[in-house]
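The values are calculated or read from the model by the stated rules, or taken from the named source; none is laboratory data. From a predicted model like this one, the values you see are computed outputs, not experimental measurements. Every residue, glycine among them, receives a Cβ derived from its backbone with ideal geometry; neighbour counts consider all protein chains shown. Remember, those area values only see protein heavy atoms, side chains included, never the ligands or the DNA or RNA. Shrake-Rupley method; radii C 1.70, N 1.55, O 1.52, S 1.80 Å.
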Amino acid sequence: MKILTYENAKIAVFSATMAALFLGAVLHKPTEFSETENRYLEQRPKLTTVKLFDGSFMKDYETFITDQFPERSFFMGLKTAVERLRGRTDDNGVYFGKDGYLFGKYDGAVFESETAENNISAVAEFVKLYADKFGKEHFKIALAPSSSEILKDKLPANAPVYNQTGFIDKIKKEVGEDFVIDLGENLKKHADEYIYFRTDHHWTTLGAYYGYKAIASGFGLEVQSLEKLKADTVSNDFLGTYDSKVNTGLIGGVAPDSITIYSSSEIDKAVMMWDNDKDKTFDNIYKMDALKGKDKYTVFFGGNHSVTDIKTENKTGKTLLIIKDSFAHSLAPFLIKDYDRIIMLDLRYFNKSLKKYLSENKITDLLVLYSTPDFAEDANIGRLLR
């Protein structure tokens, strides 16, 4: 009888705790942005007759409760700790690798989806549209595999990983090899170096440099030596997107990353403007105040914007347009010496006609630069054809 009473008491305490947490999520003012997870959180959905009867309201409300759960970050870390104690090698889409590395789980669902197939078709059509205008010497598609493709020896034993090199080969076949640069070929040669962050999905600045070397060679540019650039390590406590998904703070074993930026006379003189807004003009491509926040990777150009317009004091007569994801941010500084102007477009936020934009800005060189998983998943790639 005592055992039954004790068990009932445990159940009552657990139920009361969960009820209190649930009410806390419902009643407290919703948090808009999670610094820990580096993303906007679901807000309280509006109840409409349509949403009520088609089931979307309950689905949205469930997401809202999950996102707004009190002490969400702590419970994420607790869940991770429990999963690790159970012997799990992954949690919440992240592998726990060797040497303190975290990896994204990118499987066939990412690369064999309808979106991925549509994106391959879109970029193939894009090349057909502009191949004659730019020529293969001035027009390249460059894809960077994720760390799980390049650092396979650091993955957990028997972890299934999709063949991203095969996916890139498929794009080469559709687009034409002359227009595609497989950045993985150069990265694999340096797999024993610090070329990907341990806690984040991006490559490090050193990894970006090796990507730059492949791109510069593809465009026929003289590759600048890393030794001629000034290196500054600006952070030693960066915890990136993978860590945000599992919050390893409670279990340890994952060391923060360091971020290095490079400068030169050309880089130091470059200025940038966001979204064609003169009030958002800066005399430095590095946003050092970003190092005070969670997403320290935004030190490069201040993060994602519809248009990031970089002007230099060079007199090359050339303008480079980079259509990209955030992998381009740590690579673009290396290209500054070769162009009068570099424009980076993010198709997630760019809503104008690309054809018109190319014409108006007298683009001489065109680069499409993405990480391979982002290219496969981005539903906005079709905007290349507008």
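Sub-7 Å Cβ pairs linking a first residue in segment 95-113 that is farther than 19 Å from ASP243 by Cα to a second residue that is charged (D, E, K, R) and open to solvent by 20 Å² or more (accessible area, probe 1.4 Å), at least 6 apart or interchain, are VAL110/GLU377, ordered by first then second residue. Looking at segment 178-193, which of its residues are at pLDDT 95 or above and open to solvent by 70 Å² or more (accessible area, probe 1.4 Å)? ASP178, LYS188, LYS189, ASP192 - these are the residues of segment 178-193 that are at pLDDT 95 or above and open to solvent by 70 Å² or more (accessible area, probe 1.4 Å). Total residues in segment 288-316 satisfying the condition of being in a loop (DSSP other than H, G, I, E, B) and either over 18 Å from the mean Cα position of the chain (by Cα) or free of Cβ contacts under 8 Å to residues at least 12 places away in the same chain (or both): the figure is 5. Taken together, the residues in segment 93-135 that are closer than 15 Å to LEU366 by Cβ and assigned to a loop (DSSP other than H, G, I, E, B) amount to 1. Let me confirm something: among ILE363, ILE342, ILE336, which residue is touching a Ser or Thr at 6+ places or on another chain (Cβ under 9 Å) and in a loop (DSSP other than H, G, I, E, B)? Matching residue, one of ILE363, ILE342, ILE336: ILE363. Of all residues in segment 334-385, those satisfying the criterion of being closer than 22 Å to THR205 by Cα and either open to solvent by 10 Å² or more (accessible area, probe 1.4 Å) or touching an Asp or Glu at 6+ places or on another chain (Cβ under 7 Å) (or both) are ILE336, LYS337, ASP338, ARG341, ILE343, TYR370, SER371, ASP374.
The residues of segment 150-171 that are part of a helix (DSSP H, G or I) and surrounded by 13 or more Cβ atoms within 10 Å (Cβ to Cβ), listed by number, are ILE150, LYS152, LYS154, GLN164, THR165, PHE167, ILE168, ASP169, LYS170, ILE171.
Can you tell me which residue is most open to solvent (accessible area, probe 1.4 Å) among those in segment 273-291 that are of a type in the set (Lys, Arg) and at pLDDT 95 or above?
If we take residues in segment 273-291 being of a type in the set (Lys, Arg) and at pLDDT 95 or above, then LYS280 is most open to solvent (accessible area, probe 1.4 Å).
Per the conditions (1) modelled with pLDDT of 95 or more; (2) within 24 Å of the chain's Cα centre (by Cα); (3) aromatic (Phe, Trp, Tyr), the sole criterion not satisfied by PHE219 is (2).
Within segment 174-187, is even one residue touching a residue at least 60 places away in the same chain (Cβ under 8 Å), touching a helix residue (DSSP H, G or I) at 6+ places or on another chain (Cβ under 7 Å) and among the aliphatic types (A, V, I, L, M)? Within segment 174-187, not a single residue is touching a residue at least 60 places away in the same chain (Cβ under 8 Å), touching a helix residue (DSSP H, G or I) at 6+ places or on another chain (Cβ under 7 Å) and among the aliphatic types (A, V, I, L, M). How many residues does segment 253-287 hold that are closer than 21 Å to TYR349 by Cα, β-branched (Val, Ile, Thr) and under 19 Å from the mean Cα position of the chain (by Cα)? Residues that pass the stated criteria total 1. If the condition is being within 30 Å of LYS98 (Cβ to Cβ), open to solvent by 60 Å² or more (accessible area, probe 1.4 Å) and not in a strand (DSSP E or B), then segment 215-272 contributes LYS245, GLY249, LEU250, GLY253. Scan segment 242-251 and tell me whether some residue there is under 26 Å from SER306 (Cβ atoms) and touching a residue at least 24 places away in the same chain (Cβ under 8 Å). Taking every residue of segment 242-251 in turn, at least one turns out to be under 26 Å from SER306 (Cβ atoms) and touching a residue at least 24 places away in the same chain (Cβ under 8 Å). Taking the residues in segment 308-317 that are out of contact with any helix residue (DSSP H, G or I) (no Cβ under 9 Å at 6 or more places or on another chain) and surrounded by 12 or more Cβ atoms within 10 Å (Cβ to Cβ) as candidates, determine which candidate is nearest to ARG348 (Cα to Cα). The residue in question is ASP309. Here THR298 fulfils each of the conditions (1) over 26 Å from LEU384 (Cα atoms); (2) surrounded by fewer than 20 Cβ atoms within 10 Å (Cβ to Cβ) apart from (1).
Residues are listed down the side, and each one gets a yes or a no for (1) within 20 Å of the chain's Cα centre (by Cα); (2) on the phi > 0 side of the Ramachandran plot:
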| position | (1), (2) |
| --- | --- |
| ASP91 | yes, no |
| ASP99 | no, yes |
| GLY108 | yes, no |
| GLU125 | no, no |
